[in-house]
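Below is one structure, written out as structure tokens, with a few remarks after it.
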Amino acid sequence: MLNKSSAKKKIDLVFIHEICELLIDSKNIRESVAQVIKILSEYFGFLKCVLTIVNKHNGRIFIEEAYGLTPDEMKRGVYKIGEGITGKVVKTGAMILLKNIADEPQFLDKTRSRSDTDKEKTAFLCMPIKHNLEVIGTLSVDLDNNNENALEYTVIFLKIITSVISQSVRVYQLRYEENELLKEENERLTDMLKEQFHPKNIIGKSGPMQQLYNMIFKVAESRTTVLILGESGVGKELVANAIHFGSERSTRPFIKFNCAALPPSLVESELFGHEKGAFTGANALRTGKFEAADTGTIFLDEIGELEPTIQSKLLRVIQEKEIDRIGGDKPVRVDIRIISATNKNLEELAKSGRFREDLFYRLNVFPLFVPPLRERKTDIMLLADHFIEIFNSANKKNIRRISTPAINMMMSYHWPGNVRELENCIERAVLLSEDDVIHGYHLPPSLQSAQYTSTGDTGELGKKLDTIEYEMIIEALKQSGGCEYKAASQLGLTTRQLGLRLKKFSITLGDYKFSRRYRNSDMHSKA
């Protein structure tokens, strides 16, 4: 700390001149400002010296350079405008001098870098840094509060220093803002790319699906071999589409092959092709799927169904990037990306010897798991609406809604066939509906469970009739606002008959009273 004689002497113009030269000659503004902070602290014996910059994008004040603070302490020192002493200086544009920070409740010490003992003997000076009257940051120092003359001298000197460094701080702030804009633009472009990798025919906003989209985004641009895992009907082929069309190979061939669709004797010829005369009936040279996919992507669905001999040849394709046509004597070079899919546990098959272990590890470089529909139930109605739109257009129908009982059935069902089963159910219901509404009795018997009819095991016909009766009662109660008499009249029943059915299906009238009160109040308001 300065002694009395040095506190009284004139401002060291040579020292200020050196700082100016340092800022002017430096090619790296950040390094030069950091050096100024260090020189100031060592020259005047500051306990701490902190430079903050205002982020105009989010209204936060953050520590950019500091002497006497650790990196973790600097990270903690973030303020809102008006918060604490630093935030107040930024807000008012006026300096603040605290002769004893222990006595000031507004001194927050967010950096947590000062002990209670330190606070008792520490003064704090926070000076605004301005550019064209706008506060762009602050320069603050901790110093010994025993020397009144040193405090006065420091105030005068820091006023000059903040003026000297303001232009450099403004340049740095502009560069920071430019980086922030570039970061925002990069995030925007990244979101656009993610949307590009998210085909419109992949429906789902649930957590598991968001994770899947993120994984697709990460792997699409690479050339990595991908193994898509999941139950039948979850949409593994759609995921393969997303990966290919989100990659640099999107304009190149995308060849799909189902390994279980043909007898093993034909799979090899389909994949690898054959030379003329290779076997009886081979009247001409035939290129296989691998050659057709050259420079592009091949999707091998149901990869677990491949025969061991074909597995060996596939392994060579992955390792050597070459194929051998049946009957050929020269290998053919291919540049392909392999995406495979299976609903089987390949790892277990490999351990039992039914699938080559080395091939499994070659295929399993980047596994992607597509969640079953039962694990993303929030997507069920999104998918249902999507399929209704498709089948409305295909069948010239005008389905407008799904009844509550039908929704309950769909949400409670475990969907062993996944999205494909849901699609088939919606197609069936759209065709059966005659009043532009999908009712529970339009759904397959497998969905019309005793759980929602409360009738137990009554056989298929009994379940069907109970489902229809249950749904008609619910609709009548909704329309009557829970009025038992009106609902019974609408259904052609006596109130006693309706009461017995309400008890049978465990239906509570009170659940439908609100709609009647709402309609009554609505009628009064219109009157």
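Bear in mind that the values in this text are calculations on the coordinates, not laboratory data. Treat the numbers as computed from the prediction; the structure is a model and nothing was measured. We place every Cβ from the backbone using ideal geometry, glycine too, and count neighbours over all the protein chains shown.
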Report summary line: In whole Å, largest first, the alpha carbons of region 72-224 cover along the principal axes 74, 36, 28
**Report entry** In Å, descending, principal axis extents of the Cα set of region 223-378
**Finding:** 56, 39, 26
**Report entry** Computed lengthening from Lys205 to Lys276, 0.36 nm per intervening residue step minus Cα-Cα distance
**Finding:** 20.4 nm
Query raised in the report: Does the chain classify as rounded, prolate or oblate by the C-alpha gyration tensor (a ≥ b ≥ c root eigenvalues; a/c under 1.5 gives rounded; else a/b over b/c gives prolate, otherwise oblate)?
Result: oblate
Query raised in the report: Sorting Ile426, Ile101, Ile156 on the 10 Å Cβ count, fewest up front, what's the list?
Result: Ile156, Ile101, Ile426
Query raised in the report: Quick one: Ile228, Ile161, fewest Cβ neighbours within 10 Å first, how do they rank?
Result: Ile161, Ile228
Query raised in the report: Excluding Ile426 itself, what net charge comes from residues whose Cβ is under 15 Å from its Cβ, given Lys and Arg +1 and Asp and Glu -1?
Result: -2
Query raised in the report: What 222 nm value per residue comes from the helices of the chain, counting each DSSP H run with n ≥ 4 as -39,500 (n - 2.57) and dividing by all residues, nearest 500 deg cm²/dmol?
Result: -15500 deg cm²/dmol
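Give, in nm to one decimal, the length gained when the segment between Lys397 and Leu315 is fully stretched (0.36 nm per residue of separation minus the Cα-Cα distance). The partial results should precede the final answer.
Details: separation 82, 0.36 × 82 = 29.52 nm, distance 4.98 nm.
Once the chain is fully extended between Lys397 and Leu315, it gains 24.5 nm.
Which of the trypsin sites (Lys or Arg not before Pro) found in region 369-400 are in a DSSP loop and have at most 12 neighbouring Cβ atoms, other than their own, within 10 Å? Let's see the in-between values first.
Working: sites: Arg374, Arg376, Lys377, Lys396, Lys397, Arg400; in loops: Arg376, Lys396, Lys397, Arg400.
Listed in order of number, the matching sites are Lys396, Arg400.
What FRET efficiency comes out for the pair Glu104/Arg188, r = Cβ-Cβ distance, R0 = 56 Å, nearest 0.05? Could the numbers behind the result be given before it?
Numbers: r = 43 Å, r/R0 = 0.77.
Efficiency, rounded to the nearest 0.05: 0.85.
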Report task. Could you calculate the FRET efficiency of Lys91 with Ile16 from 1/(1 + (r/R0)^6), where r is the beta carbon distance between them and R0 is 30 Å, rounded to 0.05? Result -> 0.55
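Out of all DSSP beta bridges with both ends in the chain, state the antiparallel percent to the nearest 5.
Details: 32 of 52 bridges.
Here the share of antiparallel DSSP bridges comes out near 60 percent.
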Query raised in the report: So what are region 252-299's ellipsoid semi-axes, whole angstrom, largest first, if each one is the square root of 5 times an eigenvalue of the alpha-carbon gyration tensor?
Result: 20, 14, 5
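Kyte-Doolittle cut-off -0.5, length cut-off 30 Å along the helix's own axis using Cα: show which whole DSSP H helices in the chain pass. Provide the component values of the computation, followed by the final result.
Values: long enough: 148-196 (66 Å, -0.44); 459-480 (31 Å, -0.35).
Result, helices passing both filters: 148-196, 459-480.
When a footprinting reagent is the concern and you count Cβ atoms within 10 Å, what order do His442, His386 take, fewest first?
Details: His442 25, His386 19.
With the fewest neighbours first, His442, His386 line up as His386, His442.
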Report summary line: Where a ≥ b ≥ c are root eigenvalues of the Cα gyration tensor, a/c under 1.5 meaning rounded, otherwise prolate if a/b exceeds b/c and oblate otherwise, region 374-447 counts as prolate
Query raised in the report: What does the charge add up to near Pro263, with Lys and Arg as +1, Asp and Glu as -1, over the other residues with Cβ less than 13 Å from its Cβ?
Result: -4
Report summary line: Length gained if Leu133 through Leu493 is fully extended, taking 0.36 nm per residue and subtracting the Cα-Cα distance, is 121.4 nm
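Relative contact order for region 4-180 using alpha-carbon pairs under 8 Å, separation at least 6, rounded to a whole percent?
Details: 278 pairs, mean separation 40.1, N = 177.
Once normalised by length, the contact order is 23 percent.
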**Report entry** Positive minus negative residues near Asn283 (Lys, Arg vs Asp, Glu; Cβ under 13 Å)
**Finding:** +1
